[in-house]
Amino acid sequence: MDQSTTVVDIDFGMSQLSGNKKLLFTLLGKFTDEYRSLDADLQAHVAKGDFNEAYSLVHTLKGVTGNLGLFALHNASKPVESGFRNDKRVAEQYPAFIAVLDETIAAVDALFKEPEVTASAPAPANGAAAEQARKQLMTALKASEFIAQDKLDEWLDALALPQEKRSAIIDAVDELDYEEAISELENS
């Protein structure tokens, strides 16, 4: 798939945030909160003839979506932004822009529902792989090493811990509280 039509590129978003998936999801949640009412907000500004404010909203949206890997919306915002800024009018692409906005918000909302489904039933752990993962994670924690989010996920997937224990370890690592993470791992 062409990157310009990708609705949500999680890998790109994580690459912008040094692999911090938790931060990416926090930012995606803030994105949906902020832009869920964008269509109504823009229409209100247009009705008042305030094209500068409409431009400002779309310009900010364009920057945010580019950084978070929401490429379809990033690209759909360009002609709308230009229409507000240069022509002081609503671009003919506006309806398509709003459709992509709605699609993007729905896709992000769906991402927040996925973990609940998969988290309820962890896959059974392969004994040798789980033991290897536990040993490697414990070594990294005791050495206070930086642990990339994808590596932490890989180890925790191999351990197949209950969601509550997994979340506690991830939170401790995110806070750089390795002693707490070690304690959680030892008691799992």
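The values are calculated or read from the model by the stated rules, or taken from the named source; none is laboratory data. The structure displayed is predicted, hence computed values, not measured ones. For neighbour counting, all protein chains shown are included, and Cβ atoms are generated from backbone atoms with ideal geometry for every residue, glycine included. Just so you know, the surface numbers come from the protein's heavy atoms only, side chains and all, with ligands and any DNA or RNA stripped out. Shrake-Rupley method; radii C 1.70, N 1.55, O 1.52, S 1.80 Å.
Screening segment 47-70 for residues that are open to solvent by 40 Å² or more (accessible area, probe 1.4 Å) and β-branched (Val, Ile, Thr) and picking the one that is farthest from the chain's Cα centre (by Cα) gives THR60. Consider segment 32-46 and keep the residues that are touching a residue at least 40 places away in the same chain (Cβ under 8 Å) and over 14 Å from TYR94 (Cα atoms). The one that is surrounded by the fewest Cβ atoms within 10 Å (Cβ to Cβ) is ARG36.
Scanning segment 12-31 for residues that are within 16 Å of ASP171 (Cα to Cα) and either open to solvent by less than 30 Å² (accessible area, probe 1.4 Å) or part of a helix (DSSP H, G or I) (or both) turns up GLY19, LYS21, LYS22, LEU23, LEU24, PHE25, THR26.
If you filter segment 32-46 down to residues that are of a type outside the set (A, V, I, L, M) and assigned to a helix (DSSP H, G or I), you find that the one that is nearest to the chain's Cα centre (by Cα) is THR32. Looking across segment 158-188, just one residue is of a type in the set (Asp, Glu), surrounded by 16 or more Cβ atoms within 10 Å (Cβ to Cβ) and closer than 16 Å to LYS22 by Cα, and that is ASP174. If only residues of segment 141-157 that are assigned to a helix (DSSP H, G or I) and over 16 Å from ALA129 (Cβ atoms) are counted, the one that is most open to solvent (accessible area, probe 1.4 Å) is LYS142.
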